[in-house]
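Reading through the structure tokens given below for one structure.
Quick note: the coordinates plus some simple rules give every number you see, no bench work behind them. Quantities reported herein were computed from a predicted structural model and do not represent experimental measurements. Note: ideal-geometry Cβ built from the backbone for every residue, glycine included; neighbour counts use all protein chains shown.
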Amino acid sequence: MKKSDVIRNILRDKPSTPRIQFGQAFAPTNIALCKYWGKRDLELNLPINSSLSISLGDKGATTFIAEIESDQDSIVFNEQSIALHSSFGNRLTTFLDLFRPLPTVRYQVITQMNIPVASGLASSACGFAALVLALNHFYHWDLDLTQLSILARLGSGSAARSLWQGFVKWEMGSAKDGMDSHGHVLPIQWPELRVGLLILHTGQKPLSSREAMLRTVQTSHLYSAWPKQVDMDMQSLERALVAKDFNALGRTAENNAMAMHATMMSAWPAIVYSQPATIGAMNQVWELRKEGVSVYFTQDAGPNLKLLFLAENQEKVMAAFPDLEMCEPFG
Ligand code: 2P0
């Protein structure tokens, strides 16, 4: 099935002319505690496994969209004009193609992100979520968050989780058209939870998540163990959230990330996102834990780490990692 079929289905009775001058929306970025790794449908970004994330409060993307009189789209990202033939420009205009009421409609899209971009910090997640929210506002579709989560997934898988604050579960679903593969928010608040962004290395990543997932699924023998790991971790995480058992949450998230990277390292050619500084920081976290500080890390498709800890340990963690960018997901 094609993306355009899914979108036609969702927007069947919806208006296609804007009643306002522009649409605008914010979406938070999210960090997975149990990762999305592997697609069963490459076109629709349908995952092989469910995943669970925490959204980062006011860290994310604000997007503005309007129709313009022009023969081409105009995309501005963090105050920089984006070339339409660049891979980023092309990805965005191809996604916009799915929503143009007439093929001649052109858009101005302005996005501002307050997170470090292209450092494995889920910029595509909040970017696509903010874009579908802004389109929903602009055209008065009045879609619910579940439908918007499905639309956002078509842009980037992890964007399905960026429609909500707090803990979000993306159910993998089983339908061929993906209508049951979307996020939903878990009714849990944890105001003491902190996420620290540890930027260790900036620069272009060697391989996109999309290519890395595909290569892992196709060539890693360890990948067959991944869905079993996820089943176990999802149960542990949901239990830990209900019981507010921080150590169980941290242990599970750290182990899940390491297991995901183990599947990548056993792909061929091997995929290694860690840099020497990544391993150094992991050792520092383990040392802190030995000293009795409850701090854990998770790592996505990049060299940077996200540290998980509670407010009571914030000072000790900040003393060890002075450059940490602090997030209060429930702040
Ligand atoms: C996640 N990541 O759960 C996992 C863990 C990275 C590692 O989702 O191809 O940009 O657009 O569906 O969502 C990053 O991959 O991939 C990601 P596409 P996406 O957060």
Computed magnitude of the charge dipole of the chain (debye, nearest 20; Cβ of K, R +1, Cβ of D, E -1) | 640
In nm, to one decimal, how far is the modelled label at ARG8 from the one at VAL185, with both set 7 Å along Cα→Cβ?
-> 3.4
Label segment 8-129 by shape, choosing from rounded, prolate and oblate, from the square roots a ≥ b ≥ c of the eigenvalues of the Cα gyration tensor; if a/c is under 1.5 it is rounded, and otherwise prolate applies when a/b is larger than b/c, oblate when it is not.
-> prolate
Which one of ALA259, GLN204, GLN229 has its Cα pushed farthest toward the positive end of the charge dipole of segment 183-279, where Lys and Arg give +1 and Asp and Glu give -1 at the Cβ?
-> GLN204
Quick one: order ILE110, ILE7 by neighbouring beta-carbon count within 10 Å, fewest to most.
-> ILE7, ILE110
proj_area_mean for the chain (convex hull on C-alpha atoms), units nm², value 16.4
Which ordering of CYS327, CYS34 is given by a fewest-first count of other beta-carbon atoms within 10 Å?
-> CYS327, CYS34
Theoretical gain in end-to-end length, MET318 to ARG19 [0.36 nm per residue, Cα-Cα removed] = 102.8 nm
Take GLN112, project a point 7 Å from its Cα along the Cβ direction, then tell me which residues of segment 131-163 have their backbone nitrogen under 17 Å from it.
-> 131, 134
Got a sec? How would SER220, SER4, SER266, SER51 order by Cβ neighbour count within 10 Å, fewest to most?
-> SER4, SER266, SER220, SER51
Figure the gain on full extension for SER87 and ALA311 (residue separation times 0.36 nm, minus the Cα-Cα span) and round it to one decimal in nm.
-> 76.7 nm
Does segment 163-207 classify as rounded, prolate or oblate by the C-alpha gyration tensor (a ≥ b ≥ c root eigenvalues; a/c under 1.5 gives rounded; else a/b over b/c gives prolate, otherwise oblate)?
-> oblate
Most fluctuating residue of SER181, SER53, SER74 in a GNM of the chain with Cα springs under 10 Å: which is it?
-> SER74
So what J values fall out for segment 55-69 if you push phi through Karplus, 6.51 cos²θ - 1.76 cosθ + 1.60 with θ = phi - 60°, rounded to Hz, Gly and Pro as x?
-> 7, 9, x, 8, 8, x, 10, 10, 10, 10, 9, 8, 7, 10, 7
Calculate the dipole size of segment 259-331 relative to its Cα centre from +1 charges on Lys and Arg beta carbons and -1 charges on Asp and Glu beta carbons; express the result in debye to the nearest 20.
-> 260
With a ≥ b ≥ c taken as the square roots of the eigenvalues of the C-alpha gyration tensor of segment 115-176, please select rounded if a/c is under 1.5 and otherwise prolate if a/b is larger than b/c or oblate if it is not?
-> oblate
Where does the chain land at 222 nm, in deg cm²/dmol rounded to the nearest 500, when only DSSP H runs of n ≥ 4 count, each adding -39500 (n - 2.57), divided by all residues?
-> -11500 deg cm²/dmol
